Amino acid sequence: MLMIFPPIAKPCEPPAGVALLSAALKENGFPCEVVDANIEGMLHLIRSDVRLTDPWSRRAIKKREEILSELKGSHLYSHMDRYHQRVYDLNHMLAISVDQKRFKISLSDYSDTHLSSVSSRDLLKSAVRYKENPFYGFFETGLRDRVQESASGFVGLSVCYLNQALVGFALAGWIKDNFRNKKIIMGGGLISSWMSRPDYTHPFDSLIDVCIKGEGEQPLLELLGQSRGTKKHYVPDYDFVKKDLYLAPGRVLPFRASIGCYWSKCRFCPEKAETRAYSSQRASRVLEDLRTIEQKYSPDYVHLIDNAITPAFLKALSHERFSFKWYGFVRFEKDFLYPGFCQNLKESGCDMLKLGLESGDQAVLDQMNKGTDLGMVSKILKNLHQAGILTFVYLLFGTSFEDKAAARKTLEFVKAHEASIDYLNLAVFNLPKFSEDAEDLKTWEFYHGDLSLYLNFVHPLQWDRKQVKQFIQKIFKKEVSATVRKNPAFFSSNHAIFFK
Ligand code: SF4
């Protein structure tokens, strides 16, 4: 089978979902070829001929290959300002490679002023009008031969993010129109979220032959004729990853140790609203997989992409000594209260942890059901920092539990812990459409479109989005000192780990 991961996602590491599907197919005797059309398509646009009208574009294009190569070397990551210059140059090349009046493309986003990615009608229009898509040229030059030469009657499209939706559907339309004998299968995180909606009406049946919700391994195997009861556990197959293709200083491989979130209680979290069942293998089993990946692919970095790495797996990791560095999302676990444990994690290869603090007000955390104690957070941040593990702290402003005074407490908490916070991610809350909280609030659509997953709401404490954004820009960012590092543009935590 041919499996394609469409643009746009951050081009710094290969996609994890298709790697797992590929392993499942190959282990059961089905050939599988994976194409990361995201990185290939982006490079196609970056390297395309554009009409140069201004000095910035001329300068950037002249240094195009140099910029790409700098982003793959480690030197650039010791100079934050120069890094940003390079990233903005690259992003500019991508932006000017398309009709800017209609499309807005960046290294992490895709939008079309004519079509909405949360409207099923517009997605189907994107399929019909695939020739208008900025990646159409890449479909023809980069994908045509591969689709043609694939012996399988199926082409799989993995759509995980909203920024992939319009291009993914344009790609589906192109396949449908050009390869009448191929059946299209579509799956991935975004498709699963849409299919989980209680009001989902299967709007893509005329275009997509099979839509898969949730983990795709078993449904794919059954589609190919494999009976039920086959092996359910696979180690991701990264054979498709071409050397030096991705924009990172070394080989980064994503790895998921668990599905869903073992906590699943935070009231604001879409993970809770989607009720994706949590599942995980035994920690020792997952470690074996990680060791297999280490031996087979010699990664420089492993990105653990779990929603929250489980305490059991963290413990298991702390006893290991890997040849790669690793990072991932964790909760403020009790084990981090022990400096020795943090030191062991560091020695295992942990260079950075992403921590969802959300708020510096205990009352807000309690109402959110976050299960976090601020007294613990203080000690944990200090212990991680002392162990030499970078801390990337995520804050969420504007939930229905927060008012301005609570947001101010978050600011004070951050100021008091600046010495042990390396990076901050500041987000404004979007209300998940099918969450319990949405039932009690006065809401209206956030984006127009039948597939939108978020709502706007009347804030019960009169702390609306506009005020929240002003607070972040005019107060929070000004008062937090420069000891907290600048968040890498477009790549954020995916590149933050490389700055020592
Ligand atoms: S820990 Fe993170 S992923 Fe899990 S429910 Fe809370 S916010 Fe969601």
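Only the coordinates and a few stated rules stand behind these numbers; no lab work does. Every value quoted in this text rests on a predicted model; they were computed, and no experiment measured them. Neighbour counts run over all protein chains shown; Cβ positions are idealised from the backbone, glycine included.
You can think of it this way: the chain between Ser323 and Lys474 has 50.0 nm of extra reach, that is 0.36 nm per residue less the Cα-Cα gap. In straight-distance terms, cross-link reach from Lys409 covers every one of the aspartates and glutamates whose alpha-carbon lies under 16 Å from its own, apart from those fewer than eight places away in the same chain; here that gives Glu358, Asp361, Asp366, Asp373, Glu418, Glu479.
Using the Cβ-Cβ distance between Trp444 and Arg129 with R0 set to 35 Å, the FRET efficiency works out to roughly 0.75.
Here region 256-496 carries DSSP beta bridges of which approximately 25% are antiparallel, counting only pairs with both residues inside.
Put a plus charge on the Cβ of each Lys and Arg, a minus charge on the Cβ of each Asp and Glu, and nothing anywhere else: the dipole of the chain about its Cα centre is then about 800 debye. With K and R counted +1 and D and E -1, the other residues having a Cβ less than 14 Å from that of Gly388 yield a net charge of +1. In the chain, taking the dipole from charged Cβ atoms about the Cα centre, the farthest positive-side position among Ser348, Leu68, Phe322 is held by Leu68.
Considering only Phe434, Phe471, Leu455, and ranking their Cα positions along the charge dipole of region 256-496 that arises from unit charges at the beta-carbon of Lys, Arg, Asp and Glu, the one farthest toward the positive end is Phe471. For region 256-381, the Kirkwood estimate of hydrodynamic radius, built from reciprocal distances between every pair of different alpha carbons, is 15.4 Å. In this calculation the C-beta distance from Val50 to Glu418 is compared with R0 = 41 Å, giving a FRET efficiency of 0.45.
Oblate is the label for region 8-160, because a/c, from the alpha-carbon gyration tensor with a ≥ b ≥ c as root eigenvalues, is 1.5 or above and a/b does not exceed b/c. For Gly356, the residues whose amide H sits under 5 Å from its own are Val330, Tyr394, ignoring neighbours fewer than 5 places away on the same chain, with H placed 1.01 Å from N.
Each Cα pair under 8 Å and six or more residues apart adds its sequence gap; the mean of these over the residue count of region 256-496 is a relative contact order of 16 percent. For the chain, DSSP calls about 20 percent of its internal beta bridges antiparallel. Taking Cβ atoms as reference points and 12 Å as the exclusive limit, the residues near Lys63 contribute a net charge of +1, counting Lys and Arg as +1 and Asp and Glu as -1.
List the pairs from Lys10/Lys243; Lys433/Lys486; Lys101/Lys182 whose alpha-carbon separation is above 28 Å, in the order I gave them. In this structure, Lys433/Lys486; Lys101/Lys182 lie more than 28 Å apart at Cα.
Which of the aspartates and glutamates could a cross-linker span from Lys466 if the Cα-Cα distance has to be under 15 Å and same-chain partners fewer than 8 positions apart are dropped? Cross-link targets: Glu402, Asp403. The alpha-carbon of Lys72 sits under 14 angstrom from the alpha-carbons of these aspartates and glutamates, leaving out residues fewer than 8 places away in its chain: Glu13, Asp244, Asp300.
If you take the Cα centroid of region 157-218 and the Cα centroid of region 357-377, the two points sit 38 Å apart.
For region 256-496, the dipole from Cβ point charges (+1 on Lys and Arg, -1 on Asp and Glu) about the Cα centre works out to 480 debye, to the nearest 20. Over every Cα atom in the chain, the radius of gyration and the widest Cα-Cα span, Dmax, amount to 22.7, 63 Å. Legend: distances between Cα atoms for Lys325/Lys354; Lys354/Lys382; Lys26/Lys315; Lys346/Lys469; pairs beyond 25 Å are Lys26/Lys315; Lys346/Lys469. Using 0.36 nm per residue and subtracting the Cα-Cα separation, the extra length available between Ser69 and Arg291 on full extension is 77.0 nm. Annotation: cysteines of the chain without a disulfide-compatible partner (Cβ-Cβ under 4.7 angstrom) are Cys12, Cys32, Cys160, Cys211, Cys261, Cys342, Cys350. Taking amide hydrogens as placed 1.01 Å from N in the peptide plane, the amide H of Tyr262 sits under 5 Å from those of Ala308, each at least 5 positions away in sequence or on another chain.
Would you work out if region 352-500 is rounded, prolate or oblate? Take a ≥ b ≥ c from the square roots of the eigenvalues of the alpha-carbon gyration tensor; rounded if a/c is under 1.5, else prolate when a/b is larger than b/c, oblate otherwise. Prolate is the answer for region 352-500, as a/c is 1.5 or above and a/b outweighs b/c. Were the residues from Arg282 through Arg465 laid out at 0.36 nm apart, the gain over their Cα-Cα distance would be 61.7 nm. What the phi angles of region 284-290 give under the Karplus curve with 6.51, -1.76 and 1.60, with θ = phi - 60°, is a coupling list of 5, 5, 5, 4, 4, 4, 5 Hz, glycine and proline written as x. Compute the whole-percent fraction of alpha carbon pairs in region 267-317 spaced more than 13 Å apart. Within region 267-317, distances greater than 13 Å cover 68 percent of Cα pairs.
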